[in-house]
Amino acid sequence: MNPNPYPKLHPGLNLGPAHGVAHEGSEAVLFGFWIFLMSDLIIFGILFATYAASTGPMAIAGGPRPTDLFDLVSVSIQTAFLLASSLTCGMAILAMKYGENVSRVKLWLVVTALLGAGFLTFELRDFASMMAHQGTPMRSAWLSSLYALVGLHGLHITMGLLWILTMLALIQVQRLSNKVKTRLLMFSLYWHFLDVIWIGIFSVVFLAGLV
Amino acid sequence: MSSLFGRLNGDVTPFTEAFNHPSVSSLVAAGAASMVVVGAVALLILLTWFRLWKPLWRDWLTSADHKKIGIMYIVLGLVMLARGVIEGVVMRGHQATALQGGFLSSEHYGELFTTHGTIMVLFVAVPLVVGFINIIVPLQIGARDMAFPVLNQVSLGLTAAGAVLLMVSLVIGKFSTGGWTSYPPYTGVVFSPGVGPDYWIWAVAISGIGSTLSGVNFAATIYKCRAPGMSLMRMPLFTWTALCAAIMLVYAMPPVTVSSLMLALDRYLGFHFFTNDLGGNMMNYANIFWMFGHPEVYILALPAYGVWSEVAATFSAKTIYGYDSLVIATMAIAVISFTVWLHHFFTMGQSTSVNIAFGIATMIIAVPTGVKVYDWMATLWRGRIRMTTPMIYLIGFFILFVIGGLTGVILANPTIDYQVHNTLFLVAHFHNVLIPAVLFGMLAGIHYWFPKLFGFRLDERLGRWTAYLWIVGFCLTFIPLYVLGLMGMPRRMATFTNPSYEPWVLIAGFGALVVLMALIMVLVTIGYSIRYRDKLAVPLGDPWDGRTLEWAIPAPAPAWNFAVIPKINSRDAFSTEKEKGNPYVRPQSYDDIAMPKATAHGFILCVAASVMGFALVWHIWWLTALSFAVIPVALIARAFVRETEQLIPAAEIAHAHDAWLNAVWSTRGVTRDEEDSPANRGLAAPDGGPA
Amino acid sequence: MNEERYERFHYIIGATASAILTVLAFGAMIIGEWDRTLALWVIGVSAVVQIVVQLRFFLHIDFSRQKREDLLLILFSLLMLTMLAGGTIWILGDLSKRMM
Ligand code: HEM
Ligand SMILES: [Cu+2]
């Protein structure tokens, strides 16, 4: 039922032949970026494995346990923020692909950034309250691996926000040039990828930790 | 003060140490430090004297040309090789006198094996391999450059930043004594409070990120930038091995980035990943490190295997035997090498079943490697063989590498490993695979491709002598270590008390001197060949009757590689054209070519990363923040650059290419008998040998 | 349906399905009150399904006219992830069992 039977160049949303050079030109760049993300995936994978191996009593070392620290309501709010931002990020890309509507692209990007910032706010608030209850990364191996994993994801989100701001400035100067289009596609891969990682985090860390 | 200079003060140089506590050991350290300082000053003076600053900046440091970046990698690798070999010789010299106490402190010996191992693996073997991939892959697949030329610069910059940190550590402060693996808790802050492990961490982490980016770049290039008709199964074997190595880099570098940064978190912020207390688990460090460490040796070995494939085919004038099996074996090695990492810590205490699983996987990996050796031998069979320098290395490789591989299979058996773990048997084993496979492979590659890069051959007579010296020196240095290992001599020990070790240690010490000679001979060969470059010139580009695409263009290869992108319709593309009888055709028309513009991006990131690493090591926080901030600013600024390419007009290309074609048509080709004579101008004539 | 609406629809399906699966996973906490294993299974399965949903609807990965090499890249990454993460859990789990 997919109505666009042109050959895809890479996984992810393709610009489509209407975009000519930008469509073709994005091929190698996006493929390369996929490879990079896969490398990043391995980094997260190792941290996940380390986390999973650090949940026993020895790793908790008499310090606070998941039930003492986690705030499920906050986690669900963060999840909602991130999922919504994934959707708005997709809308930004569609606005670029169809109609090349600069102000709509910008609007959706701003909304995405705000949702991302909302996510970060709640995450940092959680970190602060955990630390207030002795849940610092220096307290135990379990907490070290927790902060490393969740913190790295948060760091990625922060970089994503910086990236959105850069894209907004870039669009301001160069409009939707071919290069800008490719970069937006790259950004969207990055942002969706972070949402996928977050699924792992809320399932493995927070839900499995509390159940 | 301490907020301005962190842990830095006037007492951290080996000079003050040697002044305050003179001893042979501290004098050796001061000597090494002065070599770095004197070398750097001499370099600055020479550059100024010959007015080379501008060309250096314009043609090299800011160049995005994959060939130049590759050459810079190789130069980096050779410089670091010199340091690594000297350190090896000093260690061997020390142990040769160690029954009488030797001349180094054990602290100093510890620094030496740590820097030696780190340098040899990460700053010699990696730069050489990555350098060759950089240079050769685009030429073999008919591309004008890497998929991401500027990213390529950045990779080089980050690798160089790691090397800079290692060099600086000779002059300011002390390096780690924790071995190239840097196992905690010994390298944790409780047992090693100094700056040593921090130098190790940042050198490894920064250069590791550079290698990851190289892997991304190579894989994207090979997948997306091949000339029309160059299907995967038509790619030359070096490119195949490069592809597999690139993919391995993408998956194998993240572990070491993670493990070293986790160690950094432990040391800097008091985390508890690998500490003795509060739940830390140092066994996880060994686990993560070797997830990188083992694949790493195959990342290095595979491209060397690729060189062997090219060398064997070219110098026997035959198409490679068993192309398909070589490709499959390469892929098999790439995947299986991710399933064996536990063999580095069989003795850590896990159940027998775990050990057995990884032991079996380790033995299995020998099978595809064996397939390759047979394929190469079958390639030589009834070929038109010329015993050139690369072929001598190949023969040395055949014999020595098989021995090294077999001792590897022996070590793959956990019960045997329990006996020889941490002895010199292991040291003998890994030198026995790394030197004949990787180092000989790279030296063979230098001889083989040098003419393509610089337009003249390396002298054959000197080259052959060098190869013999390497082979003999290797045997003398490392075969005794097998014996010592079986006698029970532990690795990483500065001294020993058992007199029966001594004869073997002396032989190894003598061997190290032969290796040192071999290294000097490499430089002599290059120097001599530069001097007589007119006699050795091969401007027409095909000195060895090459089979693959890179030999179809002039030497040195022009900036744009191919005047027009070739169309490929077979394996051994250039050979096929030669067999058809018309390899050099003037293209019907020329087009303008867009090439990446020179940029200082990579250089800026190199400086920023070096400074950041240094500031982190010495806890100079303001400098850390400042240099770290440069990185996002540079990346963002780069996004706003509009013109990243420059056009080379068709007329200029036509002019250069036609001149070369005319030279080809007016020159007499040489047969393989004359390969090593001044008559060889780089044009091959058919010589009736077996096809 | 034109292309644009089709693709927007695609995103909305993805987001809705993800939302439902998230609610399911969080809801499993209630099951956890009396059956922990079952709850873990629900959380695990809905995570995997949600990842597949997002790969399909947000990242547009499909098995059809995809260029082979791209799909191989992703599958290969999953293989690597399984080997490295799975291996770690196996090794460290075994070690910690033997230390108990
Ligand atoms: C060319 C002459 C070489 C000499 C004379 C030499 C000598 C040595 C010596 C004496 C040691 C220390 C043994 C011990 O006491 O534990 C050592 C360790 C080592 N070497 Fe070499 N080596 C050479 C080349 C290489 C090469 C080419 C590589 C890798 C590509 C390499 C990699 C290593 C590694 C990884 C270690 C282990 C360091 C550690 O224990 O952490 N070596 N070598
Ligand atoms: Cu290994």
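For the criterion of being open to solvent by 10 Å² or more (accessible area, probe 1.4 Å), of a type in the set (A, V, I, L, M), at pLDDT 95 or above and over 21 Å from B:VAL340 (Cα atoms), B:ILE446 passes. Do you know which of the residues in the range A:150-175 that are open to solvent by less than 20 Å² (accessible area, probe 1.4 Å) and touching a residue at least 40 places away in the same chain (Cβ under 8 Å) is nearest to the other protein chains (Cβ to nearest Cβ)? This residue is A:MET167. Is it the case that some residue within the range B:189-201 is open to solvent by 10 Å² or more (accessible area, probe 1.4 Å), of a type outside the set (Val, Ile, Thr), within 16 Å of B:ALA615 (Cβ to Cβ) and not in a loop (DSSP other than H, G, I, E, B)? Within the range B:189-201 (the criterion being open to solvent by 10 Å² or more (accessible area, probe 1.4 Å), of a type outside the set (Val, Ile, Thr), within 16 Å of B:ALA615 (Cβ to Cβ) and not in a loop (DSSP other than H, G, I, E, B)), the answer is no, since none of the residues qualifies.
Yes/no matrix, rows are residues, columns are (1) within 16 Å of ligand 2 (Cβ to nearest atom); (2) more than 30 Å from B:THR644 (Cα to Cα); (3) open to solvent by 10 Å² or more (accessible area, probe 1.4 Å):
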residue: B:PHE50; (1), (2), (3): no, yes, yes
residue: B:ILE71; (1), (2), (3): no, no, yes
residue: B:MET91; (1), (2), (3): no, yes, yes
residue: B:GLY101; (1), (2), (3): no, yes, yes
residue: B:GLY110; (1), (2), (3): no, yes, no
residue: B:HIS116; (1), (2), (3): no, yes, yes
residue: B:MET120; (1), (2), (3): yes, yes, yes
residue: B:VAL124; (1), (2), (3): no, yes, no
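When B:LYS318 is evaluated against the numbered criteria (1) more than 12 Å from chain A (Cβ to nearest Cβ); (2) part of a helix (DSSP H, G or I); (3) farther than 21 Å from B:GLY142 by Cβ; (4) not aromatic (Phe, Trp, Tyr), which criterion, by number, is the only one it fails? The single condition B:LYS318 does not satisfy is (2).
Yes or no, residue by residue, for (1) more than 23 Å from the chain's Cα centre (by Cα); (2) in contact (Cβ under 8 Å) with a residue 60 or more places away in the chain:
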| position | (1), (2) |
| --- | --- |
| B:ALA219 | no, no |
| B:ARG226 | yes, yes |
| B:LEU232 | yes, no |
| B:PHE238 | no, yes |
| B:ALA245 | no, yes |
| B:LEU249 | no, no |
| B:MET253 | no, no |
| B:SER259 | no, no |
| B:LEU265 | yes, no |
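The sole residue among B:PRO451, B:PRO480, B:PRO503 that is assigned to a helix (DSSP H, G or I) and within 30 Å of B:PRO543 (Cα to Cα) is B:PRO451. Within the range A:66-78, restricting attention to residues that are open to solvent by 10 Å² or more (accessible area, probe 1.4 Å) and within 16 Å of the chain's Cα centre (by Cα), the residue that is nearest to the other protein chains (Cβ to nearest Cβ) is A:SER76. The residues of the range B:137-164 that are within 14 Å of chain A (Cβ to nearest Cβ) and either open to solvent by 20 Å² or more (accessible area, probe 1.4 Å) or among the acidic types (Asp, Glu) (or both), listed by number, are B:ARG144, B:ASP145, B:ALA147, B:PHE148, B:PRO149, B:VAL150, B:LEU151. Looking across the range B:494-509, the residues that are crowded, with 16+ Cβ neighbours inside 10 Å and within 14 Å of ligand 1 (Cβ to nearest atom) come down to B:ALA494, B:PHE496, B:TYR501, B:TRP504, B:VAL505, B:LEU506, B:ILE507, B:ALA508, B:GLY509.
Within the range B:638-675, the set of residues being part of a loop (DSSP other than H, G, I, E, B) and open to solvent by less than 80 Å² (accessible area, probe 1.4 Å) comprises B:PHE640, B:VAL641, B:THR644, B:PRO649, B:THR667, B:GLY669, B:THR671, B:GLU675.
The requirement of being hydroxyl-bearing (Ser, Thr, Tyr) and either on the phi > 0 side of the Ramachandran plot or within 16 Å of ligand 2 (Cβ to nearest atom) (or both) is satisfied by B:SER337.
Based on this model, can you work out whether B:PHE401 counts as of a type in the set (Phe, Trp, Tyr) and within 16 Å of ligand 1 (Cβ to nearest atom)? Taking the combined requirement at face value, the residue satisfies it.
So, B:ILE479, is that one within 16 Å of ligand 1 (Cβ to nearest atom) and of a type in the set (Val, Ile, Thr) or not? Against the criterion (within 16 Å of ligand 1 (Cβ to nearest atom) and of a type in the set (Val, Ile, Thr)), B:ILE479 qualifies.
From the list A:GLY25, A:GLY45, A:GLY90, which one is open to solvent by less than 10 Å² (accessible area, probe 1.4 Å) and either touching a strand residue (DSSP E or B) at 6+ places or on another chain (Cβ under 7 Å) or more than 9 Å from chain B (Cβ to nearest Cβ) (or both)? On inspection, the qualifying residue turns out to be A:GLY90. Scanning the range B:276-292 for residues that are open to solvent by 30 Å² or more (accessible area, probe 1.4 Å), part of a loop (DSSP other than H, G, I, E, B) and either touching a residue at least 60 places away in the same chain (Cβ under 8 Å) or within 16 Å of ligand 2 (Cβ to nearest atom) (or both) returns a single hit, B:ASN276. In this structure, is B:SER231 open to solvent by 10 Å² or more (accessible area, probe 1.4 Å), within 30 Å of B:ARG571 (Cβ to Cβ) and either at pLDDT 95 or above or not β-branched (Val, Ile, Thr) (or both)? Yes. If you go through the range B:130-142 one residue at a time, do you hit one that is within 16 Å of ligand 2 (Cβ to nearest atom) and in contact with a His (Cβ under 9 Å, 6 or more places away or on another chain)? No, every residue in the range B:130-142 fails to be within 16 Å of ligand 2 (Cβ to nearest atom) and in contact with a His (Cβ under 9 Å, 6 or more places away or on another chain). Quick check, is B:PRO295 within 14 Å of chain C (Cβ to nearest Cβ), within 16 Å of ligand 1 (Cβ to nearest atom) and either within 18 Å of B:PRO255 (Cβ to Cβ) or crowded, with 24+ Cβ neighbours inside 10 Å (or both)? Yes. Taking the listed residues B:ALA286, B:ALA304, B:ALA329, the one that is more than 14 Å from chain A (Cβ to nearest Cβ), within 15 Å of ligand 1 (Cβ to nearest atom) and closer than 24 Å to B:GLY408 by Cβ is B:ALA304, with no other qualifying. In the set (1) out of contact with any strand residue (DSSP E or B) (no Cβ under 8 Å at 6 or more places or on another chain); (2) closer than 27 Å to B:PHE238 by Cβ; (3) in a helix (DSSP H, G or I), B:SER529 fails one condition alone, (1). Residues of the range B:307-317 that are buried (at least 23 other Cβ atoms within 10 Å of the Cβ), more than 13 Å from B:LEU443 (Cα to Cα) and not polar (S, T, N, Q): B:GLU310, B:ALA312, B:ALA313, B:PHE315.
The values are calculated or read from the model by the stated rules, or taken from the named source; none is laboratory data. All of these numbers come straight from a predicted model, not from anything done at the bench. All Cβ positions, glycine included, derive from the backbone under ideal geometry; neighbour counts span all protein chains shown. Heads up: the accessible areas ignore ligands, DNA and RNA and are worked out on the full protein's heavy atoms, side chains in. Shrake-Rupley method; radii C 1.70, N 1.55, O 1.52, S 1.80 Å.
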